[in-house]
Amino acid sequence: MGPIDFTGLMVSMGPPHNPYAAPAEYLAMYDDVAITPRPNVPASRFSYSDYLNYYAMITSIDENMGRLDAAIEAAGLSDDTIFVFTSDHGDMLGSLGQSLKQRPWEESINIPFLIRYPRGIAAGQQPDWLFSSIDVMPTLLGLCKIDVPGNLQGVDYSSTFTGTSNAERDAVYLFNVQAGSGPGVDWRGIRTENWTYAYHEGGDWVLYNLENDPYQLNNLVDNAEYEQVKAALAAQLETMRIELGDTTELVGDSPSAIVLP
């Protein structure tokens with residue numbers, strides 16, 4: 001066996017996730033800490049215990065990511081290591097009266113993406129680009145100078161990260177495919193810089209102006225003043241659905257599993 005030219009490591013962690021049960025030593029860090037929920041969390045849906053455990057789980061992950069980073073540093077590999085931290089979903093944690101994931105709201109869909117590559121990416125950047133989970137693979141291939149297959153659906157952001165060019169998407173495709181008899185519903189949506197629009201089996205579902213309404217408290221989906229905005233987003237979403245090969249066409253009665261506040 002010859003020398004290994006490339007080594008990759010993927011660490012998948014369960015938390016933060018329900019059931020919200022963090023190790024005692026991390027919970028102790030938040031003893032007597034006052035937690036203020038987001039403005040869109042109804043008092044009836046705020047659980048101090050859930051928030052406490054959620055924060056403690058994040059602290060545990062942060063510490064253990066630090067241990068992994070220290071091991072990479074100790075091995076002398078930091079400059080040539082692409083370190084990525086991300087997640088597959090967020091958690092509503094009571095926002096808009098909702099729980100868990102599979103929702104088109106920011107708490108569910110807006111996830112972290114941190115990347116470090118000292119040899120190729122300048123440190124300290126905090127861009128506000130739209131970035132999708134399907135962009136991770138082509139971006140890593142690009143950073144490794146490996147040809148990106150033409151059939152990949154994501155965008156290669158490697159040149160954007162390194163500052164040599166600008167390849168940004170103007171929208172992210174959102175979807176939920178509900179398996180079995182769970183509490184969710186099938187839906188499709190689109191997130192642009194300033195707007196979120198989604199529909200389900202019953203038709204239009206949500207429309208939010210994120211610039212004016214970051215906590216998504218004012219659903220504009222039935223507001224006649226925004227019909228043109230909704231129509232444009234729906235058309236863009238349909239184009240993306242076809243381009244991505246999503247053959248699901250959602251029709252039928254309006255579901256009752258998810259009720260808007």
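A few comments on the model shown:
- Nonlocal amide H pairs with LEU130, under 5 Å, H built at 1.01 Å: ARG169
- Counting other Cβ atoms within 10 Å as a rough exposure proxy, the listed residues LEU96, LEU114, LEU27 run LEU114, LEU27, LEU96 from fewest neighbours to most.
- For the chain, the Cβ-based charge dipole about the Cα centre amounts to some 240 debye (Lys, Arg positive; Asp, Glu negative; other atoms uncharged).
- As a length-normalised measure over Cα pairs under 8 Å and 6 or more apart, the relative contact order of the chain settles at 12 percent.
- Residue-by-residue Karplus 3J(HN,Hα) for region 75-90, coefficients 6.51, -1.76, 1.60, Hz, glycine and proline x: 7, x, 10, 4, 4, 10, 10, 8, 9, 10, 10, 7, 9, 9, 6, x
- Farthest toward the positive end of the dipole of region 69-225, out of GLY120, ASN110, VAL172, is the Cα of GLY120, where the dipole comes from beta carbon charges about the Cα centre.
- Exposure proxy for ARG67, ARG45, ARG191: other Cβ atoms within 10 Å of each Cβ, ordered fewest to most, give ARG67, ARG45, ARG191.
- Residues ILE121, ILE115, ILE190, sorted so that the one with the fewest Cβ neighbours within 10 Å comes first: ILE121, ILE115, ILE190
- Relative contact order for region 172-243: 21 percent, from Cα pairs under 8 Å spaced at least 6 residues apart, divided by residue count.
- Taking the helices alone, the chain has a mean residue ellipticity at 222 nm of -7500 deg cm²/dmol, built from -39,500 (n - 2.57) per DSSP H run of at least 4 residues and averaged over all its residues.
Taken together, the values in this text are just the output of simple stated rules run on the coordinates, not laboratory data. Nothing here was measured: the structure is a model prediction, and the numbers come from that model. When we count neighbours, we look across all protein chains shown, and the Cβ atoms used for this are built from the backbone with ideal geometry, even at glycine.
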